[in-house]
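No value in this document is a laboratory result; all are computed from the given coordinates. All values derive from a computational prediction rather than experimental measurement. Note that each Cβ is placed from the backbone with ideal geometry, even for glycine, and that neighbours are counted across all protein chains shown.
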Amino acid sequence: MHIDPTLRRAYNIEPNMCWECYSCVKACPMDAIDVRGYADFAPLGHSVRVQRDEEKGVIAWRIKSRNGETDLNLLAPITTKPWGKAIPQLKDEAGPTQEERDSQLLFNEPKYIRMDDGDIHTLESAGLKMKSGVYY
Amino acid sequence: MAYKTIVEDNIDILVAGAGLGGTGAAFEARYWGQDKKIVIAEKANIDRSGAVAQGLYAINCYMGTRFGENNPEDHVRYARIDLMGMVREDLLFDMARHVDSTVHQFEEWGLPIMRDPKTGAYQREGRWQIMIHGESYKPIVAEAAKKSADKVFNRICVTHLLMDDAKENRVAGAVGFNVRTGNYHVFKAKTVIVGAGGASNIFRPRSVGEGAGRVWYAPWSSGSAYGLMIQAGAKMTQMENRIVLARFKDGYGPVGAYFLHLKTYTQNAYGEEYESKWFPELQKMVGKEYLDPEASHLTHRPIPTCLRNHALICEVNAGRGPIHMVTMEAFQDPHLEEIGWHNFLGMTVGQAVLWAATDVNPKYENPELTTSEPYVMGSHATGSGAWCSGPEDVSPPEYFWGYNRMTTVEGLFGAGDAVGGTPHAFSSGSFTEGRLAAKAACKYIDDGKAEGIRVSQEQIDRRKAEIYKPLEHYKIFRNEIVAGDVNPNYINPRQGLDRLQKLMDEYGGGATVNYMTNDKLLNIGLKKLKTLEEDLDKIGAENIHELLRAWELKHRVLTSESVLQHTLFRKETRWPGYYYRGDAMKLDDENWHVLTVSRRDPETGEYTMEKAPLYHLVSESEEAA
Ligand SMILES: Cc1cc2nc3c(=O)[nH]c(=O)nc-3n(C[C@H](O)[C@H](O)[C@H](O)COP(=O)(O)OP(=O)(O)OC[C@H]3O[C@@H](n4cnc5c(N)ncnc54)[C@H](O)[C@@H]3O)c2cc1C
Ligand code: SF4
Ligand code: SF4
């Protein structure tokens, strides 16, 4: 999206490389962007509008079909936590031991694999081996 | 030139492209490298960049060992049969044993994952998929990456990797330009993790005109992961393994939830079941090991995605199209109807726009399905990408050279679509691969492998001149524009893209030729690609935006050449429904039960192809695993 300096309006500089992803629509704080379906297969007269609210953690959609028979209001959560607060700052975590560095574990593992005391899977623990050829 | 050169020095870990793989890498790198300098260079804005820009309504890769559901090896077997045997089972096993820990963290960060009210376990869509309210999936993982990174450079199109001038075949960072200011950015780094995503728009899309961007994989997936690594001389694998998707026509809306959760099914234009009709013939092409409808029925072994495509393509060619998704039954339940719409809004808004515009009410009408143009990527139901080392406790010697997810270029790692042989990783698996690559990259640095890296000024200046050449070219020749865009001395990026798409489609097995190619066609295609490459040397860019398109095109062309070379090398039809080699219509396990590996010599542009052995996970008792 660019701003037209004369009209002072935002516009899509390359519609034929647009994914219709609505990221620009969701990001505009003034709800100034609207979308109509692509001319080559979408007849005029429909609308799909959206409002996304990080504070409230929800997104609201309204879909209106061309013939007016479909008119849906749909609401969905976008997060269950206050925005961004629940993500750890790994700089401040207790750092890994040498043993952990030499192991196959990632941050928070093995705990987070099963959320219990279960360990990481290995070929040995699963009774498997890698064999070359056609075997299955 | 008025553009500034901005140098970021002393980077330990540079993440080039921060989609699902790159954000995972940046996040995890901070834990193993608490005092390391972690920098992200991203083409768009990290909050919405990549294939997950719109969100997702499902996480397609989750084991659920916590709920007693699946083990990693189950997933390996699933991916293996779906890809007709051709996967890197070490990498898949490794991803699968870690992926649940990734998903559990996502839930903790606030990603709304639906629960089954009866069992309390995550709501399953299918055996591997769980349902989420994922509109903000990308912004959430971006927060995690931003918390870990020292610096995030948004709007940087990375064009080349920097190579070490002190030691051959070792990476030393990357360069690119800011797509808004035009400034030249130099990132000097000890390691680079490429997460720049797969390739859309290399084959001519079915969409035309204003809607040409309405493709399945995002139009900004410019094959940069491949372009960057191929240019640096990294070995690639399974680049012939393009994917074709059966999706809702024109809108490309997802079908997974429809099939698996809403229990819709397909039929031909005359209301008949058509799939099973084509299977006996198909079984003769691929063999019973790969297609055994009876066994599939009894054991729920999936029928490979490509083979189901094949049936759809054949039915349409037989004149009984279009194929319909039968929604009229399921959508009588208002709850399921709502899920159907949410599914689109959460990940493919354009499909909802299309249904609204064309008055499709799936309660009263069964919408059309069709097969897409081919895509090249490595994290969905296909496994193109770089040839990477696996983890030391799983990988056999041919698959292991020291650091997990490291390519054959030292210090150069990959994640997500960038890594080859690892289909069915999807969003969660790509993020997990990023985490694995980050840990390995930290170890690589701590082991002293990145000592003494030197980047000459000559290399930096050379790349700079190369990057801005299309702008120069335009300036020199713009007075010779005949009309509109027509110029005898250069082509513009759109013209180049059109040429690429046409030739890939017609010679490489695209949608308009029903995915058919052969050795002769491929050789012509390669020849035409070479002349396109020559013309790309003379590409003109009117402004910075066109310069972005020019470099995306160059990455797409490098990707395409690799695709054609691999397709030519594998002389069999391994994945009917994805593409056909007319001169070798049968699957040939005797000669081709192998992975294909290529390398493009960065100096000469010459390709060398080789076969790599396929290893399978088998249970110790040796019975069929
Ligand atoms: C329509 C669709 C539906 C899908 N459905 C699901 C689903 O339901 N569930 C699921 O789990 N997965 C799904 N996936 C798959 C999932 O989105 C991918 O597997 C995953 O995003 C791949 O991660 P990645 O990091 O490799 O690529 P991406 O996430 O695409 O990230 C690539 C990043 O690189 C950046 N980049 C590209 N070029 C450059 C450059 N030159 N310089 C710098 N940066 C660059 C891009 O801007 C982007 O940020 C779906 C994908 C699509 C397209
Ligand atoms: S809908 Fe998406 S692709 Fe289209 S202009 Fe907006 S942000 Fe860009
Ligand atoms: S108001 Fe919206 S459309 Fe206008 S410039 Fe701001 S974000 Fe863009």
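Being assigned to a loop (DSSP other than H, G, I, E, B) and either surrounded by 15 or more Cβ atoms within 10 Å (Cβ to Cβ) or within 8 Å of another protein chain (Cβ to nearest Cβ) (or both) is the requirement here; does A:Gly118 meet it? In short, yes. Take the conditions in a loop (DSSP other than H, G, I, E, B), of a type in the set (Ser, Thr, Tyr) and either within 16 Å of ligand 3 (Cβ to nearest atom) or within 30 Å of B:Glu315 (Cα to Cα) (or both) and apply them to B:Thr382. Does it pass? Against the criterion (in a loop (DSSP other than H, G, I, E, B), of a type in the set (Ser, Thr, Tyr) and either within 16 Å of ligand 3 (Cβ to nearest atom) or within 30 Å of B:Glu315 (Cα to Cα) (or both)), B:Thr382 qualifies. Somewhere in segment A:35-47, is a residue assigned to a loop (DSSP other than H, G, I, E, B) and within 16 Å of ligand 3 (Cβ to nearest atom)? Yes, there is a match, as at least one residue in segment A:35-47 is assigned to a loop (DSSP other than H, G, I, E, B) and within 16 Å of ligand 3 (Cβ to nearest atom).
In segment B:505-517, the condition of being in a loop (DSSP other than H, G, I, E, B) and either among the aromatic types (Phe, Trp, Tyr) or closer than 29 Å to B:Gly176 by Cβ (or both) is met by at least one residue. Here B:Ala437, B:Ala465 are screened, and the one residue that is under 29 Å from the mean Cα position of the chain (by Cα) and assigned to a helix (DSSP H, G or I) is B:Ala437.
Taking segment A:68-104 as the range and being more than 7 Å from chain B (Cβ to nearest Cβ), more than 26 Å from the chain's Cα centre (by Cα) and part of a loop (DSSP other than H, G, I, E, B) as the test, the residues that pass are A:Gly68, A:Ala94, A:Thr97, A:Ser103. Out of B:Arg30, B:Arg66, B:Arg48, I need the residue that is part of a helix (DSSP H, G or I), surrounded by fewer than 23 Cβ atoms within 10 Å (Cβ to Cβ) and either within 16 Å of ligand 3 (Cβ to nearest atom) or not hydrophobic (A, V, I, L, M, F, W, C) (or both). Which one? Checking each option against the conditions leaves just B:Arg66.
Restricted to segment A:18-35, and to residues there that are within 9 Å of ligand 2 (Cβ to nearest atom) and of a type outside the set (A, V, I, L, M, F, W, C), the residue that is farthest from the other protein chains (Cβ to nearest Cβ) is A:Lys26. Of all residues in segment B:303-349, those that are without any contact (Cβ under 8 Å) to a residue 12 or more places away in the chain and within 14 Å of chain A (Cβ to nearest Cβ) total 4. So, restricting to helices (runs of 4 or more DSSP H) that lie completely within segment B:261-339, which ones have at least 1 residues that are surrounded by fewer than 16 Cβ atoms within 10 Å (Cβ to Cβ)? Helices (runs of 4 or more DSSP H) meeting the threshold: B:275-286, B:293-299.
Exactly one residue among B:Asp100, B:Asp90 is buried (at least 24 other Cβ atoms within 10 Å of the Cβ), facing chain A (nearest Cβ under 8 Å), within 27 Å of B:Val286 (Cα to Cα) and not small (Gly, Ala, Ser), and that residue is B:Asp90.
The residue pairs whose first member lies in segment B:566-587 and is on the phi > 0 side of the Ramachandran plot and in a loop (DSSP other than H, G, I, E, B), whose second member is among the aromatic types (Phe, Trp, Tyr) and crowded, with 24+ Cβ neighbours inside 10 Å, and whose beta carbons are closer than 9 Å, counting only pairs six or more residues apart or on different chains, are B:Gly577/B:Tyr515. Listed conditions (1) without any contact (Cβ under 8 Å) to a residue 60 or more places away in the chain; (2) over 22 Å from B:Phe93 (Cβ atoms); (3) not acidic (Asp, Glu) are all met by B:Ser389, apart from (2).
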